[in-house]
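The structure appears below as structure tokens.
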Amino acid sequence: MTKDDAVPVAVAPAKRPPINKYAFGCALLASMNSVLLGYDISVMSGAQIFMKEDLKITDTQIEILAGVINIYSLFGSLAAGMTSDWLGRRYTMVLAAAIFFTGALLMGLAPNYAFLMAGRFVAGIGVGYALMIAPVYTAEVAPTSARGFLTSFPEVFNNSGILLGYVSNFAFARLPVHLSWRAMFLVGAVPPIFLGIAVLAMPESPRWLVMRGRIEDARRVLLKTSDSPDEAEDRLLDIKKAVGIPEDASDGEDVVAIVRANKASQGEGVWKELLLNPTRPVRRMLVAGLGLMFIQQATGVDCVVMYSPRVFERAGIKSKTNSLGASMAVGVCKTFFIPIATLLLDRVGRRPLLLASGGGMAIFLFTLATSLLMMDRRPEGEAKALGAISIAAMLSFVASFASGLGPVAWVYTSEIYPVRLRAQAAAIGTGLNRLMSGATTMSFLSLSSAITIAGSFYLYASIAAAGWVFMYFFLPETKGKSLEDTVKLFGKDTDDDDDVDTSRHERKRSTELSAQH
């Protein structure tokens, strides 16, 4: 044995590959629908003040109008799952932009409350479509090395839209009452025109292409969106295996094989497999995914976004203009802290961000509730100080949400399901998310009247604390896993083919050894 044979050669750790520019561009375009989503939700925060005065509507009607968009979006998210499997991910995004455009026009031109409700319904369908499709498409296009970073883009743009909604509130607040709120809604009709056209320049999802037997088209997309040709072939092999195509089938035979594959890969029987007769791994995925979506909204974040002027008023800011200006701080805070999660997702992982975020949210909600409760029991001088603490706690809560649970929940739930179930499972999760958002926003004013605003935030703090426990025990780490490997974290499916995995990893190992020599 030679000296060289006896001493192992130190191998330098692999460098993180640079961001794939083509995948980055696709994620960017796909996520821009989320700007409209955030805008439609937050613009109501200021518009309701002028709408109430102009149309002479009650607080109860405002509460319903503000929150019902989330209930309506439930139908959009469920429809988006079927549409994305039928038309494809790309054309579903075009449809979402068209729906947003129609909803903005209806709301901006509404002559009465009933017409406003109709516009809110259409906008809600668009919200459901955008919430479901953008993370799914981005996760399916992104390379493994940057999937967390790119899949967090929808939440980044969502929060940018929220900020723009607040800016619109502030910008149009000085117009006559009957024009101000209409201008706020009509501005939202402009971006969908450009977004709908821009999305057509994107490629279709490679997983959808494989599910339709278009193997060569999928290979071309994967070669453009992967870090290397070897990774592209590995991803293609994983997708083919997931939808039931034999590994050794030639491209000509693939089109025939896809038709004979499991009916679930064509969207048939998926609901039965998800809800009526799920396997143990699928059941665990649903518990993790649906639980995370429930926690994200049950902690009341949309109430803070939607009713921030009222919370600021309760904290001592009485002027309408000052209240709307302070509300912009909520949008700035969310937009500023989102990049923290975006940059750390593929470095520290999903679990650390979720746990840090959930813990911070519970603490700051408790602080907010306590300071609001104490304001009524202290003299004016101390009440001002407590008001400042309330505002700081509310902004800190928003920052905690934006730097973790906000974006990471969408990333996590877009990557844990197998390809045959992903669109519909994501649609169910999005539907639950919107249902909870609607339930909290439509009940916030009534709940605050019944148990006070402080009591409402104590309730949300308790949910956040329970959510932290759930995330700690039920959510495995998915960082660095391919979409097909991620599902194995929840247990091994009976359909898994160890031989395919072995051959893939042997090929990858062979490539790494060749590179070292």
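The single condition from (1) within 30 Å of Ser482 (Cα to Cα); (2) in contact (Cβ under 8 Å) with a residue 40 or more places away in the chain that Ala123 fails is (1).
Gly491 meets all of the listed conditions (1) in the same structural domain as Phe312 (by the TED database); (2) more than 27 Å from Val304 (Cβ to Cβ) but one, namely (1). Of everything in region 162-211 that is of a type in the set (D, E, K, R) and surrounded by 18 or more Cβ atoms within 10 Å (Cβ to Cβ), the residue that is nearest to Ala47 (Cα to Cα) is Arg182. Scan region 117-130 and tell me whether some residue there is on the phi > 0 side of the Ramachandran plot and either in a helix (DSSP H, G or I) or modelled with pLDDT of 85 or more (or both). For region 117-130, residues on the phi > 0 side of the Ramachandran plot and either in a helix (DSSP H, G or I) or modelled with pLDDT of 85 or more (or both): absent. Considering (1) closer than 29 Å to Ile69 by Cβ; (2) open to solvent by 20 Å² or more (accessible area, probe 1.4 Å); (3) at pLDDT 90 or above, the lone condition that Tyr460 does not fulfil carries the number (2). Right, Leu95: assigned by the TED database to the domain that holds Leu179, more than 24 Å from Val167 (Cβ to Cβ) and not small (Gly, Ala, Ser) or not? Yes. Could you please tell me which pairs satisfy a Cβ distance under 6 Å, a separation of 6+ or placement on different chains, a first residue in region 69-94 that is farther than 21 Å from Gly438 by Cβ and among the acidic types (Asp, Glu), and a second residue that is modelled with pLDDT under 85 and open to solvent by 10 Å² or more (accessible area, probe 1.4 Å)? Partner pairs satisfying both residue conditions: Asp85/Gly267. Taken as a whole, region 396-405 holds at least one residue that is outside any helix (DSSP H, G or I), open to solvent by less than 30 Å² (accessible area, probe 1.4 Å) and within 21 Å of Phe294 (Cα to Cα). The helices (runs of 4 or more DSSP H) located wholly in region 185-294 that include 2 or more residues which are modelled with pLDDT under 90 and under 22 Å from the mean Cα position of the chain (by Cα) occupy 191-199, 206-211. Every condition in (1) modelled with pLDDT under 85; (2) open to solvent by less than 30 Å² (accessible area, probe 1.4 Å); (3) more than 28 Å from Leu344 (Cβ to Cβ) is met by Leu372 except one, and the failing one is (1).
Search region 470-491 for residues being assigned to a helix (DSSP H, G or I) and not aromatic (Phe, Trp, Tyr), and hand back the single one that is modelled with the highest pLDDT. Per the criteria, the residue is Met471.
The set of residues in region 295-319 being among the hydroxyl-bearing types (Ser, Thr, Tyr) and outside any helix (DSSP H, G or I) consists of Thr299, Tyr307, Ser319. Within region 125-136, the set of residues being among the aliphatic types (A, V, I, L, M) and open to solvent by less than 10 Å² (accessible area, probe 1.4 Å) comprises Val127, Ala130, Met132, Ile133, Ala134, Val136.
Take the conditions at pLDDT below 85, closer than 30 Å to Thr478 by Cα and more than 23 Å from the chain's Cα centre (by Cα) and apply them to Arg147. Does it pass? No; evaluated as a whole, the condition is false for this residue. Going through Ala97, Ala118 one at a time, which residue ends up being open to solvent by less than 10 Å² (accessible area, probe 1.4 Å) and out of contact with any His (no Cβ under 8 Å at 6 or more places or on another chain)? Selected residue: Ala97, the only one of Ala97, Ala118 that is open to solvent by less than 10 Å² (accessible area, probe 1.4 Å) and out of contact with any His (no Cβ under 8 Å at 6 or more places or on another chain).
Determine whether Leu447 is open to solvent by 20 Å² or more (accessible area, probe 1.4 Å), over 14 Å from the mean Cα position of the chain (by Cα) and of a type in the set (A, V, I, L, M). Here the answer is yes, as Leu447 does meet what is asked.
Answer with yes or no whether Gly76 is at pLDDT 80 or above, part of a helix (DSSP H, G or I) and open to solvent by less than 30 Å² (accessible area, probe 1.4 Å). Judged against the criteria, Gly76 is a match. When Gly467, Gly438, Gly429 are screened for being open to solvent by less than 60 Å² (accessible area, probe 1.4 Å), assigned by the TED database to the domain that holds Ile295, assigned to a helix (DSSP H, G or I) and modelled with pLDDT under 85, only Gly438 passes. Among the residues making up region 137-161, those that are open to solvent by less than 20 Å² (accessible area, probe 1.4 Å), assigned to a helix (DSSP H, G or I) and farther than 14 Å from Met32 by Cα are Ala139, Glu140, Val141, Ala146, Arg147, Gly148.
The values are calculated or read from the model by the stated rules, or taken from the named source; none is laboratory data. As the structure is a computational prediction, the values presented were derived from the model and not from experiment. Cβ coordinates were reconstructed from backbone atoms using ideal geometry, including for glycine residues, and neighbour counts include every protein chain displayed. We work out accessible area using only protein heavy atoms, side chains counted, and drop any ligands, DNA or RNA first. Shrake-Rupley method; radii C 1.70, N 1.55, O 1.52, S 1.80 Å.
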